[in-house]
1. Quick one: if you take sqrt(5λ) for each eigenvalue of the C-alpha gyration tensor of the chain, what semi-axes come out, biggest first, whole angstrom?
2. If packing is taken as the average count of other Cβ atoms within 10 Å, what order do 233-242, 59-68 fall into, highest mean first?
3. Mean Kyte-Doolittle of at least -1.0 and a Cα length of 15 Å or more along the axis: which whole DSSP H helices of the chain meet both?
4. Return the distance in nm (one decimal) between the two label points of a simple spin-label model at residue 82 and residue 145, each offset 7 Å from Cα along Cα→Cβ.
5. Remind me, relative contact order of the chain in percent, using alpha carbon pairs under 8 angstrom and six or more residues apart?
6. How far is the Cα center of region 153-206 from the Cα center of region 111-148, in Å?
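Where a number appears in this text, it was derived from the coordinates with a stated rule and is not lab data. This is a predicted model, so every value here is computed, not measured. For neighbour counting, all protein chains shown are included, and Cβ atoms are generated from backbone atoms with ideal geometry for every residue, glycine included.
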Amino acid sequence: MRIIAAKDYNDMSRKAANIISAQVILKPDCVLGLATGSSPIGTYKQLIEWYKKGDLDFSQVKTANLDEYRGLPKSNDQSYDYFMKDNFFNHININFDNLHIPDGEEPDAEKACADYDRIVADLGGVDLQLLGMGHNGHIGFNEPSDVFAKGTNCVDLQESTIEANKRFFASIDEVPRQAYTMGIGTIMSAKKILVVVSGKDKAPIVKKAFFGPITPRVPASILQLHPDVTVIADADALSECEL
Ligand code: GLP
């Protein structure tokens, strides 16, 4: 595991965007695994800026997002489908036929999960997976649990996650209680993984996830076993670690 210390959120975002840019330049038809949340927004902004300058071409890139709320229509401005278009896809020359996100509008959880596993398998797996990390160590929406989920699964969101995400909704009652998420097994099968994490509030979980024991109680801790993980963390997020 490579841990890169960034000065602040902007520095973290630029470094992450540099790594994604290199991936797109080296393999123009690569599969990018993408994430939502506030952590990657700066990375997407930077990539858009470089695309607008003419440095990047996304025309052949394919994407597979980590997760989606169950039961939220795509048109809802809090759906991850909407988030990705708003923060990234609408601003670059990506082919919309090449974008994949679990189908939150599919009520049959078993079908939604099996379909998404098939989609990711048909893409040939993920070349570079971008990840944020929740305060409880969740990646995608894989919440702390007794086991590491292999494939796409339907999860009950933890109270702390609902609490953390309520800022995006009019009230806490509107936050969906379930989500479909790519499993830990699928995330771990990505060729490369890039984690972005920032802020003092993430410092305790950074220490636990990347320096503590590997346990499904801290889902991100499994990343310590992946052969090609880069964590880009700002000074605040690293403030409890001795590097
Ligand atoms: C969300 C997403 C995750 C994300 C995490 C952290 O609930 N499902 O994919 O990594 O929480 O979010 P943030 O980056 O806003 O702290």
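1. Ellipsoid half-lengths, sorted descending, are 23, 23, 18 Å.
2. Working: 233-242: 18.4, 59-68: 21.7.
Per-residue mean Cβ counts within 10 Å order the peptides as 59-68, 233-242.
3. Numbers: long enough: 9-26 (26 Å, 0.19); 41-52 (17 Å, -0.55); 109-122 (20 Å, -0.38).
Passing helices, by number: 9-26, 41-52, 109-122.
4. Result for the modelled spin labels: 2.7 nm.
5. 26
6. Here the answer is 11 Å between Cα centres.
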